[in-house]
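As structure tokens, the structure follows; a few thoughts come after it.
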Amino acid sequence: SQKTPEAIIKNLSALYREARSAGLDIVACTIPPWNTESFIARYERRTGEKYPISAAELRARTEAVNQWIASQRGLEGGPSQVADLGKEADFARYGRIRDGLHFTGKASGALAQFIAAEGKINLQSSA
């Protein structure tokens with residue numbers, strides 16, 4: 001994405017505030033590793049335009065946001081848990097959709113299980 005880490009952090013902060021004001025517990029997750037080179041190549045093929053920043057800059061922006069997310073754990077107004085999607089996890093093997101960033105439906109289910117385990121959330125119905 002062309003959004004700056006500052007813009008993403010501002011949006012996440014607003015989401016955290018809204019969730020906390022609604023009395024919700026927050027379990028955040030980091031942005032998983034993604035193939036920035038492939039993302040840029042697809043963008044350029046699709047649009048015929050050069051992507052405005054480099055793959056290295058995209059990775060640096062992702063890392064900056066991930067560091068901020070991790071730093072918010074346990075802070076007032078921040079998430080109580082953070083699931084680190086940079087860890088090796090089952091969801092990664094199920095693949096991503098054509099944009100190379102977002103996961104397939106099957107991977108999303110595995111991702112939910114991973115986040116639940118990392119965030120110590122019970123996904124089982126109590127009924």
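The values are calculated or read from the model by the stated rules, or taken from the named source; none is laboratory data. If you're wondering where the values come from, they're calculated on a predicted model, not measured in any experiment. Here the Cβ positions follow ideal geometry from the backbone for every residue, glycine too, while neighbour counts run over all protein chains shown. Ligands, DNA and RNA are excluded from the accessible area calculation, which covers all protein heavy atoms including side chains. Shrake-Rupley method; radii C 1.70, N 1.55, O 1.52, S 1.80 Å.
Data overview
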quantity	calculated
From phi via Karplus (6.51, -1.76, 1.60), per-residue ³J(HN,Hα) for the range 25-35 in Hz, x at Gly/Pro	7, 10, 10, 9, 9, 6, 6, x, x, 8, 8
Histogram of C-alpha separations across the range 1-82, 10 Å bin width, %	17, 41, 25, 14, 2
Contour excess over end-to-end distance, with Cα ends at E44 and E76 and 0.36 nm allotted per residue	7.4 nm
Environment charge of A19, counting only residues whose C-beta is closer than 14 Å and scoring Lys/Arg +1, Asp/Glu -1	-1
Nonlocal amide H pairs with R96, under 5 Å, H built at 1.01 Å	T104
Surface per residue (accessible, 1.4 Å probe) for the range 9-93, Å²	61
Other-chain or far-sequence residues with amide H under 5 Å of A83's (modelled H)	A28, C29, T30
Gain on full stretching of the segment that runs from E63 to I31 - 0.36 nm per residue minus C-alpha separation	10.7 nm
Whole-Hz couplings from phi, Karplus 6.51/-1.76/1.60, listed for the range 51-56; x for Gly and Pro	5, x, 9, 7, 4, 4
Full-extension gain in nm, Q113 to T4, via 0.36 nm per residue minus C-alpha separation	36.3 nm
Packing rank of 65-75, 26-36, 12-22, where each peptide gets the mean count of other beta carbons within 10 Å, highest leading	26-36, 65-75, 12-22
